[in-house]
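Asks: Here's a structure for you.
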Amino acid sequence: MSLRNDQSPLSQAFLITLGLTLFFIALLPPGIYSVDGNAMLAVSESLVTHRGFTVPEFLGVPGVGGRLYSHWYPLLSVLATPFVYVALLVSRRVGLPFHYLAAVFSLPLVGALTAATAGMVALLTHRMGGDRKRAWLAAVSFCFGTVALAYGRTFYAEALLAFLTVSALYFTFGLSRRDVLLGACFAGLALLAKPAGILIGPILVVYLVAKRVPVLTSILPLAGTAIGFVLYAAFNVIRFGHPLNFGVSSPFQASYFFPGVVGFLASPGYGLLWYCPPVVLAILGFRKAVRDRMFEALAIVAVFAAFLFLHSCLSYWYASWSWGPRYLVPTVPGLCALAGLLEGNLRKSLIALTLLGFVVNAPTTFCFYERYYAELLEQHIPLDDSLVWSFRHAPSLHEWPAALRQVRDAQKSDVREIFAQRGATSSTISSSRALRVVALWWWVLPVAHIPRWIGAVCSLGMVAVAFWLVFRARF
């Protein structure tokens, strides 16, 4: 293979990653709403201010020595630490609250990870036999047609785990010892990103054995997972004094399995069918892939099935206050790569489903999707199974009106007064800072005595450059 042909997929992935990174930075929210995200950010802040891994009272649970620790996952907090350190330095210079700046400076990391995941989707599609245009469409369908559009703006571990999962698949499919070693590294890091990442290594080992790769190479992903497990166990000992104590119980029960599976796939409140329409075509993409790359296609499906079955056994499989099937986000890149293999009229169908997915997920690019959940609570509608199975209250059907209501409220509010408030994150609209502003960074610039129009122009310029880079990657 010539050098030019060998580098072509990499150049395409680079342009996609660069363009989408700019896109997510342009649409950066002014803070982190979720308790999960604030807890993981608090760990980064604690590391920067030399308090170790401890967190404030309302974000932690008691651990070693009576100190409070977050029970969430370590890797995203560690990766965000350099960004939080810069935020600390800037806060001392400009006089703005450290926590606010820490959130704003850390969120580009999640956007960049989502953009890099889209780039890896393109590379994985190439490796599965797709050409340049199909790889481009697969990447675009992932970013703009699924919940990746929402989770590229939230400080959850799913964006990181999605990047590590698709990277582990891509490199392991290379089959060379160097590629498999890289895949093993990503598999190990996946466990540190979230405990569910423990599934990746064993699946890759089975794939390599099926491909008759030498044993010493085949076991590398399992070795990576083992190293990740040891590191996570040490982290648990530091926090809670026991290697298997994660600070929270996980009530797995078989009785949850069937409603969990159906709910993940098709429930109005959280189903893949409604929030990630392009992945429906992964079924046909799988049929096409098995002709020439059967074991690779089976590995991708195995990752999806493993995450689906594992999380379906949880009572809280729908992850209340989440947008769509959050626990399945790490499996979406692989499914989009399969869907990207389609041609002809099926390719046109993929474009149509991507546009549909964009319409569903687009409101989350300028508002906090939690606004709708807060409205339901104020109407005394519980966020439980009744929301999961209700078409009447499905977030995918109501997020646009909720987003527009948030914009109207923001126009009537003084952002300087809102951000002068102190206190923990609230789930009520009247007491929440986040739910009364437009969820874009430039909307809160008056807090720093900077006109909004300056930020809006910068944001629009970044979006224009982002789309130019992404469209250039197609050709």
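No lab work stands behind these numbers, since they all come straight from the coordinates. Being a predicted model, the structure only gives us computed values, none of them experimental. Here the Cβ is made from the backbone with ideal geometry for all residues, glycine too, and neighbour counts use every protein chain on show.
Asks: Once the piece of chain linking Arg405 and Ser255 is laid out straight, how much longer is it, given 0.36 nm per residue of separation minus the C-alpha distance between them?
Replies: Fully extending the segment from Arg405 to Ser255 adds 50.1 nm.
Asks: I would also like to ask the following. When only C-alpha pairs under 8 Å and at least 6 residues apart count, what is the relative contact order of the chain, in percent? Can you show the working numbers first?
Replies: Values: 858 pairs, mean separation 95.3, N = 475.
Result for the chain is 20 percent.
Asks: Which shape class, rounded, prolate or oblate, goes with the stretch 117-199 when its Cα gyration tensor gives a ≥ b ≥ c as root eigenvalues, a/c under 1.5 marks rounded, and past that a/b bigger than b/c marks prolate?
Replies: oblate
Asks: How tilted is helix 395-412 with respect to the longest principal axis of the chain? Cα atoms for both, answer in degrees (0 to 90, nearest 10).
Replies: 30
Asks: What is the angle, in °, between the Cα long axis of helix 200-210 and the longest principal axis of the Cα atoms in the chain? Nearest 10 is fine, range 0 to 90.
Replies: The helix 200-210 is inclined about 10 degrees to the chain.
Asks: Let me ask something else about it. Quick check on the exposure proxy: order Phe171, Phe246 from fewest to most C-beta atoms within 10 angstrom.
Replies: Values: Phe171 26, Phe246 17.
Fewest-to-most Cβ neighbours within 10 Å comes out as Phe246, Phe171.
Asks: Would you kindly state how much longer the chain becomes between Phe14 and Arg177 on full extension, computed as 0.36 nm times their sequence separation minus their alpha carbon distance, in nm to one decimal? List each step's numbers first, then the result.
Replies: Values: separation 163, 0.36 × 163 = 58.68 nm, distance 2.40 nm.
Extending this stretch completely gives an extra 56.3 nm.
Asks: Starting at the first residue of the stretch 99-115, write each ³J(HN,Hα) from the Karplus equation 6.51 cos²θ - 1.76 cosθ + 1.60 with θ = phi - 60°, in whole Hz, x for Gly and Pro.
Replies: Computed from phi, the couplings for the stretch 99-115 are 5, 4, 5, 4, 5, 5, 6, 8, 4, x, 4, 5, x, 5, 5, 5, 4 Hz.
Asks: For the ranges 101-111, 183-193, 58-68, what's the packing order if you count other beta-carbon atoms within 10 Å of each residue, average per peptide, and put the highest first? Before the final figure, lay out each step's value.
Replies: Values: 101-111: 23.2, 183-193: 26.5, 58-68: 14.9.
With the highest mean Cβ count within 10 Å placed first, the list reads 183-193, 101-111, 58-68.
Asks: To the nearest 500 deg cm²/dmol, what mean residue ellipticity at 222 nm is calculated for the chain from DSSP H runs of n ≥ 4 alone, each contributing -39,500 (n - 2.57), summed and divided by the residues?
Replies: Values: 22 runs with 299 residues, N = 475.
Calculated at 222 nm, the ellipticity per residue is -20000 deg cm²/dmol.
Asks: Go through the stretch 316-393 and name the chymotrypsin sites (Phe, Trp or Tyr not before Pro) that are in a DSSP coil and have 13 or fewer other Cβ atoms within 10 Å of their Cβ.
Replies: Passing sites in the stretch 316-393 are Phe391.
Asks: At 0.36 nm per residue, and after removing the present C-alpha to C-alpha distance, how many nm does the segment from Val61 to Arg474 gain when stretched out fully?
Replies: 143.9 nm
Asks: Still on this structure, I have one more. Kindly provide the Kirkwood hydrodynamic radius of the chain in Å, to one decimal, from all pairs of distinct alpha carbon atoms.
Replies: The Cα-based Kirkwood calculation yields 22.8 Å.
Asks: Here's a follow-up. Given H placed 1.01 Å from N in the peptide plane, which residues other than close sequence neighbours of Val55 have an amide H under 5 Å from its amide H?
Replies: Those qualifying (amide H under 5 Å, at least 5 residues apart or on another chain) are Leu68, Tyr69, Ser70.
Asks: Treat every Asp and Glu Cβ in the chain as -1 and every Lys and Arg Cβ as +1, leave all other atoms uncharged, and give the resulting dipole magnitude about the Cα centre to the nearest 20 debye.
Replies: Dipole magnitude for the chain comes out near 1000 debye.
Asks: Something else about it: Suppose each label sits 7 Å from its Cα in the direction of the beta carbon; what would the Glu343-Val209 distance come out to in nanometres?
Replies: Here the answer is 3.6 nm between the modelled labels.
Asks: How much net charge surrounds Phe368 when only the other residues with a Cβ under 11 Å from the Cβ of Phe368 are counted, with Lys and Arg +1 and Asp and Glu -1?
Replies: So the environment of Phe368 carries a net charge of +2.
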